[in-house]
Amino acid sequence: MIDARDLAPVTPIEGEITIVISPAPTDIPPALADATERRWAELLADNPRLHDGSILAIERFDPATNTIRARRDGYKRLAVQPQAPTDVRLLSVTGMITALDERERPCVLLGRRSTQTRLHGGLWELAPAGGIDAPKPGVSTIGADAVRAQLQTELREELGLDLDVSLARPIALVVEGPGCSVDIVMRLDTGVPITALDMNTDSWEYTGARWVAIEQASEFASRHAAELIPSTHNMLRAID
C-alpha cells in the first residue's frame, strides 16, 4: 500500500479499480480548525463563487489490487492549503480524450484553464478534469463505473460533449502537487474525426482547446512545459 504522499508523478494502472471510502475525520486539532476558517474567509472574500462541498480525499493506493483508499472530506479543507496544512489530497478524474486528425492520427485533447479557476489559470491541461463526487451517505465502496459517470458529467459541463464513456479505462494515477490532488486518468478513444466533435469551451472552466498528436506528445510537452500544468506535462511525457 502506497501512501498518497509517496506516489510517483505518474503511476500506471492496468485493469479496473476499486475505491474504498472511510468517514470524514473528527479529530481535527482546534488550532488547525481555526486556521482553516481564517483562510477560508480570505478565499471567499477574493472569490465568492467558492462553495464548501463534499469531496473524496485520497489516502493510499494498493497497486497489487488497484484499490484506492479515500475518505470523505470537504472542499474548504482542500482549498485552504498550504496556509492551513490539512493534508487533504483531492481524488479527481482527468480525461484523456482522443480523436483522429486529418491524417487519421490519434490526438489527445487539451483545454486552456480559465483565470477563474482555483489554480493554473491560463495553462493547458488534459481535459476535462474535476473532483470525484462523494457518494451518498452509507456507501463505502465505488468502482470504475462511478469514475466514468463523473467523467461524463465533466465532459458535459466543461466541454459540452455528450460521449459514450462506457469504454473509458483507467490508465494511471497522476499527482498534481500544486493543486493537492491525485487524478485517475481515464482514456477514452472516440475513434471519430476531431471535426465531428462539437465542443463548447466558452465556460468559466476553459477558454480554448487544442489537439496534440499522441506520437508527438512527449516532444510537445518538452517544448511547451511552461504552458502546461505539471501533471499534464508529466502525463504527456509518459503517453507514448
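The values are calculated or read from the model by the stated rules, or taken from the named source; none is laboratory data. As the structure is a prediction and not an experimental result, all values here were calculated from the model. Note: ideal-geometry Cβ built from the backbone for every residue, glycine included; neighbour counts use all protein chains shown. To get the accessible areas, we keep the full protein, side chains included, count just its heavy atoms, and leave off ligands, DNA and RNA. Shrake-Rupley method; radii C 1.70, N 1.55, O 1.52, S 1.80 Å.
Select, from Thr98, Thr141, Thr94, the only residue that is touching a residue at least 12 places away in the same chain (Cβ under 8 Å), over 26 Å from Glu59 (Cα atoms) and among the polar types (S, T, N, Q). Steps first, answer last, please.
Values: Thr141 fails: over 26 Å from Glu59 (Cα atoms); Thr94 fails: over 26 Å from Glu59 (Cα atoms).
Criteria check complete, one pass: Thr98.
May I ask you to say which residue of Ala221, Ala226, Ala217 is free of Cβ contacts under 8 Å to residues at least 24 places away in the same chain, open to solvent by less than 10 Å² (accessible area, probe 1.4 Å) and not in a loop (DSSP other than H, G, I, E, B)?
Values: Ala226 fails: open to solvent by less than 10 Å² (accessible area, probe 1.4 Å); Ala217 fails: free of Cβ contacts under 8 Å to residues at least 24 places away in the same chain.
The unique qualifying residue is Ala221.
From (1) touching a Lys or Arg at 6+ places or on another chain (Cβ under 9 Å); (2) open to solvent by less than 50 Å² (accessible area, probe 1.4 Å); (3) of a type outside the set (Phe, Trp, Tyr), pick out the condition that doesn't hold for Leu197.
(1)
Does Asp189 qualify as being open to solvent by 60 Å² or more (accessible area, probe 1.4 Å) and assigned to a loop (DSSP other than H, G, I, E, B)? I'd like the intermediate steps shown before the answer.
On the way: open to solvent by 60 Å² or more (accessible area, probe 1.4 Å): yes; assigned to a loop (DSSP other than H, G, I, E, B): no.
So Asp189 does not fit the description; no.
Name every residue in region 198-213 that is touching a Ser or Thr at 6+ places or on another chain (Cβ under 7 Å) and not in a strand (DSSP E or B), in order of residue number.
Filtering region 198-213 down to residues touching a Ser or Thr at 6+ places or on another chain (Cβ under 7 Å) leaves 201, 204-209.
The answer is Thr201, Trp204, Glu205.
Here is a list: Leu167, Leu123. Which entry is open to solvent by 20 Å² or more (accessible area, probe 1.4 Å) and touching a helix residue (DSSP H, G or I) at 6+ places or on another chain (Cβ under 7 Å)? Steps first, please.
Details: Leu167 fails: touching a helix residue (DSSP H, G or I) at 6+ places or on another chain (Cβ under 7 Å).
Of the residues listed, the single one that is open to solvent by 20 Å² or more (accessible area, probe 1.4 Å) and touching a helix residue (DSSP H, G or I) at 6+ places or on another chain (Cβ under 7 Å) is Leu123.
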